[in-house]
Amino acid sequence: MKYLFFTILILYIILYGPFGIDEGDMGSIFGISWSMYNGYFPHRDFVYIKPAFSPFFHSIPLYFTEDYAYLINRYLYFVQVFGYSYLASKIAFKLLKLPKKHLYFIAIIGALVSVHNYPPMPWNTIDGIFFSVLGLFFIAKESKKWWWIVLGTICLCLGALCKQSFYFFPPLVGLFLLYRKEFKAFYVLVVSGLIFIALFILLFWWQDALDPFIEQMFSFTPGSSLIDTGIKSYYLAIKFNLLYIALAVVAFWLMKKNATPNLTFLFTHVLIVSVLTWLYYKNESLYNPMKYGIIHILWLFGVLYSIIKSIKHPKYAILVVLFGLSWCASISNGYNSPISFSAPSILFISIITVREISTIKKWVAPLIISLYLGTFYLGYQYPFNEANRSALNYNLGDIYPRLQTIHTRKDRYDKFKELQFLANKYDNFTILPSMTLGHYITDTVNPIGVDWVFNHHLANELEAYKKMLSDKNLTIFIENFENHKDNYEETSLLMMHVVNHWKLIDTYGHFRVYQQP
């Protein structure tokens, strides 16, 4: 099973990594990485509405190879998801005293569900989970040497600096240590965490970025976002699926009562696979909260079970911590689902069906793995924001060597080619509103530092960015925006300011060129 784990990881990179790209999400983090690599300091030199460790982390490959850095980061996504699924399973298996022979099987299922058909790209939610699990792994080591706790604390803090929602996780780990009466580890965690925070504050104060950091952090993440995505979405998952939940619970109870544990285990996974397959068959997006309610529901049942069990058996507290991390990952205005960290839900299913995983038959594991592989093969026929895979026959590496191996559809290929022409024709340009890889692939430095100029990404600094465009005497490429699903007329007022007040110089198939009047 160990070799199968790594084989599936490699196959995912080869089979799914090269297909699909979009102008926005799939370059939003790395575009900022490119700006930081070129000397911009986050929050001070450009607006960024999240903590900036994630783009810094993804800028590291640039210092070794500019030409392959994006590809490295793109395929690193699969390594991160498989990596934290394995480490989370290893932590849980050790603390729950589960048989290690099934560890890789659980890790594989957790990774497959977490990956689902998510696009391979640098993303702060994935980074937050990765560093948080890494930190928990060091802290949960049997050897409670102080340096392991310090290293774990640093990783927890780095996870928190990927996204605001992960601020909750280090305190949860602290409570976990107190519950287990590991007071020495708790003290080291607190002291080293406070030292890390002090050094972070000092660095940002020294760089004149502390005040803008504080202002920008909560410009788009008010308390209502926490309630809507961290609480309300779970309530709605129950509300809109109540009948299906009741039927599933009855079916599960009947299976548990009349069938063997392994058949019950298999039935539960078949139920999950059936729902996901139906969504893919209907071409419904798993990015709609009401469509992936099954993952919310599994989380709710799992965390309730874990809390009840941990009251009498403290070893189950580790499941509460892991479910807590899933919850942190689900707090998002973009993709509010705990599916990005599914290992605890898979562990929960295993524990309640096959007696804490000790009685899984040899034939069950490969069958369930095959079911998930087939399901997500179907899902990957429509990569994120792309056409069917059969239409992705155009290698962007033919235009930009930095996008070698990435395949897209004809109209998007033409758009990237048109950008190449414009970049060669005009100097000192920027692209609005959402060509987030534009400056990296054209080997230019973004004059305004930020590639994605939705209103909320500018953190109420719209007037400052209008002035910046004028002061730097830029040529601006505006993407055709009419009838776009993101309604750029309302969500990108900076772009509309250029359209309404600057002079239209040229019009092409995918871009319009503007300069100051």
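The values are calculated or read from the model by the stated rules, or taken from the named source; none is laboratory data. Predicted model, so just to flag it, every value in this text is computed and none were measured. Reconstructed Cβ throughout: ideal geometry from the backbone, glycine too, with neighbour counts over all protein chains shown. Please note that ligands, DNA and RNA were not included when accessible areas were found on the heavy atoms of the full protein model with its side chains. Shrake-Rupley method; radii C 1.70, N 1.55, O 1.52, S 1.80 Å.
So is I294 at pLDDT 85 or above and among the aliphatic types (A, V, I, L, M) or not? Judged against the criteria, I294 is not a match. Within region 158-188, the set of residues being of a type in the set (A, V, I, L, M) and either open to solvent by 80 Å² or more (accessible area, probe 1.4 Å) or touching a residue at least 12 places away in the same chain (Cβ under 8 Å) (or both) comprises L158, A160, L161, L172, V173, L175, L177, A185, V188. The residues of region 221-273 that are touching a residue at least 24 places away in the same chain (Cβ under 8 Å), open to solvent by 70 Å² or more (accessible area, probe 1.4 Å) and not in a helix (DSSP H, G or I) amount to a single one, F240.
Considering each residue of region 478-505, count those that are open to solvent by 70 Å² or more (accessible area, probe 1.4 Å) and either touching an Asp or Glu at 6+ places or on another chain (Cβ under 9 Å) or of a type outside the set (K, R) (or both), and give that number. Don't jump to the end; show me each part of the working.
Residues of region 478-505 that are open to solvent by 70 Å² or more (accessible area, probe 1.4 Å), as a first pass: 482-483, 485, 490, 493, 500-501, 503-504.
If we keep only those that are either touching an Asp or Glu at 6+ places or on another chain (Cβ under 9 Å) or of a type outside the set (K, R) (or both) as well, we get 482-483, 490, 493, 500-501, 504.
Residues flagged as open to solvent by 70 Å² or more (accessible area, probe 1.4 Å) and either touching an Asp or Glu at 6+ places or on another chain (Cβ under 9 Å) or of a type outside the set (K, R) (or both) within region 478-505 amount to 7.
Of the helices (runs of 4 or more DSSP H) lying entirely inside region 1-91, the ones with 1 or more residues being farther than 23 Å from Y118 by Cα are found at 2-16, 25-37.
Residue check: Y440 meets all listed conditions (1) open to solvent by 10 Å² or more (accessible area, probe 1.4 Å); (2) assigned to a helix (DSSP H, G or I) but one, namely (1).
In this structure, is I476 modelled with pLDDT of 95 or more, closer than 26 Å to D414 by Cβ and touching a Phe, Trp or Tyr at 6+ places or on another chain (Cβ under 6 Å)? Yes; evaluated as a whole, the condition is true for this residue.
May I ask you to verify whether G83 is over 30 Å from G39 (Cα atoms), open to solvent by 10 Å² or more (accessible area, probe 1.4 Å) and within 19 Å of the chain's Cα centre (by Cα)? Here the answer is yes, as G83 does meet what is asked. For region 135-147, the criterion of being closer than 30 Å to Y12 by Cβ, aromatic (F, W, Y), modelled with pLDDT of 95 or more and open to solvent by less than 10 Å² (accessible area, probe 1.4 Å) is satisfied by no residue at all. When the residues of region 53-68 are filtered to those that are surrounded by fewer than 24 Cβ atoms within 10 Å (Cβ to Cβ) and touching a residue at least 60 places away in the same chain (Cβ under 8 Å), the one that is nearest to N455 (Cα to Cα) is F53. Is one or more of the residues making up region 328-335 open to solvent by 20 Å² or more (accessible area, probe 1.4 Å) and either among the aromatic types (F, W, Y) or at pLDDT 95 or above (or both)? Yes: region 328-335 contains one or more residues that are open to solvent by 20 Å² or more (accessible area, probe 1.4 Å) and either among the aromatic types (F, W, Y) or at pLDDT 95 or above (or both).
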